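Q: To start, I am sharing the structure in question, which I have written as structure tokens.
What follows draws every value from the coordinates through simple rules; no lab data is involved. In this text the structure is predicted, and so the values were computed from the model without any measurement. Glycine gets a Cβ as well: all are built from the backbone with ideal geometry, and neighbour counts include every protein chain shown.
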């Protein structure tokens, strides 16, 4: 028996990949889990992240009259909003998990039936930044019966990742494999 199979006593867990998926990370939480009602849970951008991206736009606008290079700050802020505001939704009425918008050109739209979700995977790693800084990063992924993974969200806080993973576990009625 492998360590994973011993820990979770599940052959699907043994076959699953346990390395972090290659996704964008941050040293702060960029999204928060919001319970719409008993049938729908979604992720929304945090106010801190909105402010962070908005700061780029404000800096760009305030410096625009001094130098045209400040247009870059405006552009970065707007692109950040476009690529970070996509929906991540668990909807029991429609029996769907979806991430993204089907109308977007540059973002993959993903949609699966909630009944296909076998388990939630919570994993973490130490991320080294290019500037020499480092931080912990945690990731929640969906796992199907064939051990295929689908990324849901990243977290900077292990506590918040565990809290949200438990909410999702209870909402979906699936197993939670916590390897943090």
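Q: Where both partners of a DSSP beta bridge lie in the chain, what percent of those bridges are antiparallel, to the nearest 5? Write down the numbers at each step before the final one.
A: Values: 34 of 38 bridges.
Taking every DSSP beta bridge with both residues in the chain, the antiparallel ones total about 90 percent.
Q: Relative to the longest principal axis of the C-alpha atoms of the chain, give the angle of the C-alpha long axis of helix 47-63, reported between 0 and 90° and rounded to the nearest 10°.
A: For 47-63 against the chain, the angle is about 20 degrees.
Q: Right, something else. With an 8 Å cut-off on Cα pairs and a minimum separation of 6 or more residues, tell me the relative contact order of segment 1-74 in percent. All intermediate terms of the calculation are to be shown ahead of the outcome.
A: On the way: 51 pairs, mean separation 11.9, N = 74.
For segment 1-74, the relative contact order is 16 percent.
Q: Right, here's the next one. Taking R0 as 22 Å, what's the FRET efficiency between residue 38 and residue 174 from their Cβ-Cβ distance, rounded to 0.05?
A: Result of the calculation: an efficiency of 0.85.
Q: Give the Kirkwood hydrodynamic radius (Å, one decimal) of segment 3-178, defined as one over the mean of 1/r across all pairs of different Cα atoms.
A: With all distinct Cα pairs of segment 3-178 included, I get 17.8 Å.
Q: Can I ask one more? Against the longest alpha carbon principal axis of the chain, how many degrees, from 0 to 90 and to the nearest 10, is the axis of helix 71-84 turned?
A: 20
Q: In addition: What is the distance in Å between the Cα centres of segment 26-51 and segment 106-128?
A: 15
Q: Further, regarding this structure: Could you sort 161-169, 110-118 so that the peptide with the highest average Cβ count within 10 Å comes first and the rest follow in order?
A: Put in order of decreasing packing, that is 161-169, 110-118.
Q: Measuring from the lowest to the highest alpha carbon on each principal axis, how far does segment 59-106 reach, largest first, in angstroms?
A: 53, 18, 9
Q: Can you give the relative contact order of the chain as a percent, counting alpha carbon pairs under 8 Å and 6+ residues apart?
A: Dividing the mean separation by the residue count of the chain yields 20 percent.
Q: Taking Cα atoms, how many degrees apart are the long axis of helix 158-172 and the longest axis of the chain, rounded to 10 and kept between 0 and 90?
A: 60
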